[in-house]
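Below you'll find the structure, written out as structure tokens, and then a few comments.
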Amino acid sequence: MDEAPDALQEAARTGMTLAHWAARFPDRAAVVSSHGDRTFAELNQRANQLARALRRAGLEAGDGVALLCSNRAEFAEVMAATNRSGFRLTPVNWHLTANEAGYIVDDCEARAFVADARFGAIAREVAALAPTAQVRLAVGGDIDGFISYDDALDVEAGDDITDPVLGSSMLYTSGTTGRPKGVYRREAPPTSAASLDLYGYRPGDDLHLCTGPLYHAAPLAFSLAAPLNAGVGVVVMDGWEPELMLRLVEDHRISHTHLVPVMFHRLLALPDDVRAKYDVSSLRMVIHGAAPCPVPVKHGVIEWFGPVLFEYYAATEGLGTFVDSTAWLERPGTVGRPVANMVVVRDDDGNPTTPGQVGTVFLKAPPVGRFEYFKAEEKTASAYRDDYFTLGDMGYVDDDGWLFLTDRTANLIISGGVNVYPAEIDAVLLTHPAVGDAATIGVPHPEWGEEVKAVIELKPGLEPSAELVSELMALCREQLAGYKCPRSVDFVEHLPREDNGKIYKRKLRDQYREGTLH
């Protein structure tokens, strides 16, 4: 990036990077969406107006703002406004039930709640569960009890605010037990020009295609914040379809995008004539992560798109490693070569492993922006070991220092790039009067990577039935977001248990993988 680094770094320190680019090329597209477009100047103006509106409503630096919104320009406006006002932004998954979403909006201590009218029914219930969110703005239509987002902005000035304060985001990630927790950083690390150079963006010329929902950490970081901070516009998909993606790449000459492995599966499954119909030669970087990608699938995409895939190993809590296509083709399956001391693999006693020895992968916490779980000191402490934290992944480094992942935490399911935590599902299943015990696991799925399966041990004297399966499925749908619900239910006489009585889920998963259970 050949922009003046001092000016860009100063803008980043105060959350005004968007203003920097708006002054440079105001008429270039910043957001292109089916719900409305924004130039850099328009997006910057709206961010200033929203910042002033929230301040007028009484919000101060450090206050929380919750956002329940589809992929549209207003999502970017809220992100930009909170980033320059010192506010803490919490995007909320709109697939959640009202109770699940309400818990997050209340727990994050949001003083303002911005909601998309598309989700108005849920938004009203969420507002009732989050009494501290007294400032309520409705985007794209009316919601009872909310004021119009557009009306609130229209009365405010759009010139750059003179006292910007760098804001932050706090996304929620479920643990393997209990309620979801916010991944909180007391000091937000500013985006640097050097980090943006990693993606090879050309300010004002390139376009990034956002394929995933912006409430997720990866699309928010890789497909909205990073390109906009680099002076690169974003074409936003409101729902991903494989052929539509190809059409958008061709029509807009997309240079960058972010995908998850299930999307690779869907793209490769398109008929040959459909794949051949679209010109994807403009793609220079396809960022991917969020779930393991089978080696043959990644090979197939590289053969089609070229050596433009750029894989990361990361989570909401922090970044780990990156690997480009050239290095990956030399070592298929690797997730990257860590910089010295940034990643450590340890055995059960906490000692560093030898090359080829599988252990728990630990990532070094950054000096600025060290995460903690919001209002959960015990959970935070359990994640760290000295200056390192773990996501619970298992892996090894080879003789040359390249990292390979072999397993994940005993409980985590990754289906279509989305984390599913079985403890939440088990807790719902156990409320059914026929269930003696429950173990939700992930079983292999050719497209999604893993599929959610519930394995049930019934109470003595009860027998499995199709009617009982229907009841359990309905119970989950009533209380959980759709993507968390089991796709199948199996019954066993006895669930495998460890000596301490806990269900041995790894053994249960292995039995399905080995074919001893179906």
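The values are calculated or read from the model by the stated rules, or taken from the named source; none is laboratory data. Everything numeric here is computed off the predicted structure, so don't read it as measured data. Don't worry about glycine lacking a Cβ; one is built from the backbone with ideal geometry, like all the others, and counts go over all protein chains shown. Ligands, DNA and RNA are stripped out before the accessible areas are found, and what is left, the full protein with its side chains, is counted by its heavy atoms. Shrake-Rupley method; radii C 1.70, N 1.55, O 1.52, S 1.80 Å.
Couple of notes before you dig in:
- Per-residue HN-Hα couplings for the range 437-448 [Karplus 6.51, -1.76, 1.60; θ = phi - 60°; Hz; x = Gly/Pro]: 7, 9, 9, 8, 9, x, 10, x, 9, x, 9, 8
- Only Lys, Arg, Asp and Glu carry charge here, each on its Cβ (+1 for the first two, -1 for the last two); on that basis the range 55-153 has a dipole of about 220 debye about its Cα centre.
- Above-threshold pairs, the threshold being 26 Å between Cα atoms, out of Lys453/Lys507; Lys181/Lys484; Lys181/Lys507; Lys181/Lys505; Lys277/Lys453: Lys181/Lys507; Lys277/Lys453
- To the nearest ten degrees, helix 466-479 and the longest principal axis of the Cα atoms of the chain are 30 degrees apart.
- With the highest mean first, a sort of the peptides 478-487, 89-98 on other beta-carbon atoms found within 10 angstrom per residue produces 89-98, 478-487.
- Think of the chain as a dipole: +1 on every Lys or Arg Cβ, -1 on every Asp or Glu Cβ, centred on the Cα centre; then among Ser488, Asn83, Thr440, Asn83 lies furthest on the positive end.
- Dipole orientation for the chain: of the candidates Phe404, Gly120, Ala423, Ala423 has the Cα lying most toward the positive pole (charges on Cβ; Lys, Arg +1; Asp, Glu -1).
- Remark: relative contact order (the chain) = 11 percent; criterion is Cα-Cα distance under 8 angstrom and separation of 6 or more residues.
- Evaluated with a Cβ-only charge set (Lys, Arg +1; Asp, Glu -1), the chain carries a dipole of roughly 320 debye about its Cα centre, given to the nearest 20.
- A helix-only calculation puts the chain at -9000 deg cm²/dmol for mean residue ellipticity at 222 nm, using -39500 (n - 2.57) for each DSSP H run of at least four residues, averaged over all residues.
- When the Cα positions of Leu248, Tyr312, Pro219 are compared along the charge dipole of the range 218-331, Tyr312 comes out farthest toward the positive end, with charges on each C-beta of Lys, Arg, Asp and Glu.
- FRET efficiency, Thr406 to Ala157 (Cβ-Cβ, R0 51 Å, nearest 0.05): 0.35
- If you plug the beta carbon distance of Ala7 and Ser148 into 1/(1 + (r/R0)^6) with R0 = 35 Å, you get a FRET efficiency near 0.45.
- Taking every C-alpha pair closer than 8 Å and separated by at least 6 residues, the mean separation divided by the residue count of the range 10-103 gives a relative contact order of 27 percent.
- Ordering of 424-431, 41-48, 215-222, 264-271 by packing [mean C-beta count within 10 Å, highest first]: 41-48, 215-222, 424-431, 264-271
- For the range 375-474, size of Cβ-based charge dipole, Lys and Arg +1, Asp and Glu -1, in debye: 340
- The angle separating the long axis of helix 242-252 from the principal Cα axis of greatest extent in the chain is about 20 degrees.
- Solvent-accessible area of the chain (1.4 angstrom probe, protein heavy atoms only): carbon and sulfur portion equals 49 percent.
- With Cα atoms, 0 to 90° folded angle of helix 40-56 axis to the chain main axis: 80
- Cβ-Cβ FRET estimate between His252 and Asn351, R0 fixed at 51 Å, reported to 0.05: 0.50
- Amide H to amide H distances under 5 Å link Arg497 with Tyr504, where only residues 5 or more positions off or on other chains count and H is placed in the peptide plane.
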